[in-house]
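*Asks:* Got a structure for you, questions after.
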Amino acid sequence: MNEPKPTVLIIDDDPDVREALQCLLRTVALDSRAMESLPEFLESDLPAGPTCLVLDVRLPGRSGLDFQRELLAANVAIPIIFITGHGDIPMSVQAMKGGAIEFLTKPFRDQDLLDAIQVGLERDRARCERQRQLGMLRGRFETLTPREREVMGHVVDGRLNKQIASDIGISLMTVKIHRGHVMRKMEAASLPDLARMADKLRDAGIFK
């Protein structure tokens, strides 16, 4: 399946800046959406494919730095490139500590912005791929019965079949059958492979 095209989102209250940035992005065949305010951004849906945000620091209402903190608190993982005509070192430090890709002071070199955008899109592309893989893993996990999930937990915790049988009160043969079902349904090539899957599911809060 083809990956959705990457998109650059732009939030700047200056229409001339928005138009100039979109023209620049068209020269490198990048799709973009330009908005003048944070409320406009919040009312729109995020693109399906890799995305990054070019965000002006000073906007009407709350600042771009405040908005960065709100996105982090809401667990919205979108790479941000800050642009500003009135930046200073404390602002830059705050932005970078918050995970920003870059903090560019106007006027900046077009190539510096394009380089930062490519870094942001690659970072988000990797996040999208991780989410896709986790979705596939969740789908396999959801095919397990409650007993198979219980056995899987014991298996990845290093318990032997006879120990599992004793722990949950079933026969050794039944443990072996459930274990085989788990390996097949999860498409695990080996026990270490199953353990890695379990770690990912646990990190995502899907598997206890």
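*Asks:* Which net charge results for the neighbourhood of PHE82, defined as the other residues with beta-carbon distances under 9 angstrom from its beta-carbon, given Lys and Arg at +1 and Asp and Glu at -1?
*Replies:* Charge balance near PHE82 sits at -2.
*Asks:* Over all directions, the average projected area of the alpha-carbon convex hull for region 125-179 comes to how many nm²?
*Replies:* 4.2
*Asks:* Given H placed on each backbone N at 1.01 Å, which residues far from LEU59 in sequence or on other chains put an amide H within less than 5 Å of it?
*Replies:* GLY64
*Asks:* How many nm separate the modelled label positions at LYS5 and ILE206, each set 7 Å beyond the Cα in the direction of the Cβ?
*Replies:* Label-label distance for LYS5 and ILE206, simple model: 3.1 nm.
*Asks:* Could you put CYS23, CYS128 in order, starting from the residue whose Cβ has the fewest other Cβ atoms within 10 Å?
*Replies:* Lowest to highest Cβ neighbour count: CYS23, CYS128.
*Asks:* Moving on to the next point. List every DSSP H helix in the chain whose Cα atoms extend 27 Å or more along the helix's own long axis and whose mean Kyte-Doolittle hydropathy is at least -1.0.
*Replies:* 110-141
*Asks:* Putting +1 on Lys and Arg Cβ atoms and -1 on Asp and Glu Cβ atoms, find which of PRO146, LEU9, THR84 reaches farthest to the positive end of the dipole of the chain.
*Replies:* Working it through, the farthest residue towards the positive pole turns out to be PRO146.
*Asks:* Would you tally the net charge around ILE206, using a Cβ to Cβ cut-off of less than 13 Å, leaving ILE206 out, and scoring K and R as +1, D and E as -1?
*Replies:* That works out to +3.
*Asks:* Shifting gears a bit: For region 7-134, just say rounded, prolate or oblate: build the C-alpha gyration tensor, square-root its eigenvalues into a ≥ b ≥ c, call rounded for a/c under 1.5, and beyond that prolate if a/b exceeds b/c, oblate if not.
*Replies:* Rounded, since a/c falls under 1.5.
*Asks:* To continue, here is another question. Please list, or write none, the lysines whose alpha carbon is within less than 17 Å of the alpha carbon of LYS208, excluding same-chain residues fewer than 8 places away.
*Replies:* Straight-distance partners of LYS208: LYS200.
*Asks:* Could you work out the relative contact order of the chain, using alpha carbon pairs under 8 angstrom and six or more residues apart, expressed as a whole percent?
*Replies:* Here the relative contact order equals 15 percent.
*Asks:* May I pose another question? So what is the 222 nm mean residue ellipticity for the chain from helices alone, if each DSSP H run of at least 4 adds -39500 (n - 2.57) and you divide by all residues, rounding to the nearest 500 deg cm²/dmol?
*Replies:* My calculation for the chain gives -17500 deg cm²/dmol from helical runs alone.
*Asks:* Cβ under 11 Å from ARG62's Cβ, ARG62 left aside: what net charge do those residues give with Lys, Arg +1 and Asp, Glu -1?
*Replies:* Net of charged neighbours comes to 0.
*Asks:* Looking at region 137-208, which GluC sites (Glu not before Pro) are DSSP coil and have at most 14 other C-beta atoms within 10 Å of their C-beta?
*Replies:* Filter output for region 137-208: GLU142, GLU187.
Bear in mind these aren't lab numbers, they're just calculated from the coordinates by the rules spelled out. Because the structure is predicted, anything quoted here is derived from the model rather than measured. Every residue, glycine as well, gets a Cβ built from its backbone with ideal geometry; the counts of neighbours run over all protein chains shown.
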